[in-house]
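Chemist: This structure is in structure tokens; I'll ask about it shortly.
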Amino acid sequence: MGEYKIAVIVGSLRKESFNRKLATGVTRLSPADFSFIPARIDDLPLYNQDDDANQAASVKRLKAEVAGASGVLFVTAEYNRSIPGVLKNAIDHGSRPYGQSCWAGKPAGVLGVSPGATGTALAQQHLRNVLAYLDMPTLGAPEVFIQAKDGLFDEAGNIGPGSKAFLQGWMDKFTAWVKLHAKA
């Protein structure tokens with residue numbers, strides 16, 4: 001297990017999600033001192049402030065996973081030019097009740113892939129705005145707007161040769177970002 005644990009939050013529930021595949025492929029490019037732990041968000045109830053005093057077990061689990069991580073990797077789909085509701089719901093749960101956010105101070109990285117030519121550019125921008133409010137130092141560059149095309153992944157689910165150098169560069173920047181901002 002790596003020295004730096006990263007919570008991975010995929011903003012897509014689809015079984016064959018491109019973003020889940022991207023999360024898996026890109027984490028394989030990390031150095032040995034990093035480990036990536038998928039955080040489950042599909043079982044969270046819809047956020048309701050009335051539940052802040054008695055959060056569901058699934059909410060407590062998510063908050064504990066994020067709290068125990070050195071950073072967070074968000075890999076998001078784009079729905080209607082924004083982030084998926086399931087991702088926003090997870091973010092809202094993690095930030096509540098007021099003053100008990102699990103996100104504050106956690107270094108973050110943002111990626112996404114979509115069949116569209118602009119990838120997930122608008123969803124990522126919306127997500128970055130939310131993360132700024134949550135006090136998450138977020139890697140700004142390089143930005144990663146990937147169009148899902150043949151060859152993005154090889155047969156084993158690794159990043160294909162056409163994108164590997166670029167995504168390796170991103171992972172190198174992200175891991176350095178986490179090391180710079182992670183709380184000791």
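Chemist: Taking the conditions exactly as written (under 19 Å from VAL178 (Cβ atoms), surrounded by fewer than 19 Cβ atoms within 10 Å (Cβ to Cβ), modelled with pLDDT of 95 or more and not aromatic (Phe, Trp, Tyr)), does ALA67 satisfy them or not?
Modeler: The answer is yes for ALA67.
Chemist: Answer yes if at least one residue in region 177-184 is in contact (Cβ under 8 Å) with a residue 60 or more places away in the chain and charged (D, E, K, R), and no otherwise.
Modeler: yes
Chemist: Out of all the residues in region 4-19, is one or more within 18 Å of LYS63 (Cβ to Cβ), of a type in the set (Gly, Ala, Ser) and either in contact with a Cys (Cβ under 7 Å, 6 or more places away or on another chain) or in contact (Cβ under 8 Å) with a residue 60 or more places away in the chain (or both)?
Modeler: Yes, because at least one residue in region 4-19 is within 18 Å of LYS63 (Cβ to Cβ), of a type in the set (Gly, Ala, Ser) and either in contact with a Cys (Cβ under 7 Å, 6 or more places away or on another chain) or in contact (Cβ under 8 Å) with a residue 60 or more places away in the chain (or both).
Chemist: Same structure again: In region 62-77, is there at least one residue being touching a helix residue (DSSP H, G or I) at 6+ places or on another chain (Cβ under 6 Å) and among the basic types (Lys, Arg)?
Modeler: yes
Chemist: Is it the case that region 160-181 has a residue that's under 18 Å from the mean Cα position of the chain (by Cα) and under 14 Å from PHE18 (Cα atoms)?
Modeler: So far as region 160-181 goes, no, none of its residues is under 18 Å from the mean Cα position of the chain (by Cα) and under 14 Å from PHE18 (Cα atoms).
Chemist: Is it fair to say VAL66 is under 29 Å from ILE146 (Cβ atoms), under 13 Å from the mean Cα position of the chain (by Cα) and not in a strand (DSSP E or B)?
Modeler: So VAL66 passes the test.
The values are calculated or read from the model by the stated rules, or taken from the named source; none is laboratory data. What you see is a predicted model; the values in this text were computed from it and never measured. Cβ sites come from the backbone with ideal geometry, for glycine too, and all protein chains shown count toward neighbours.
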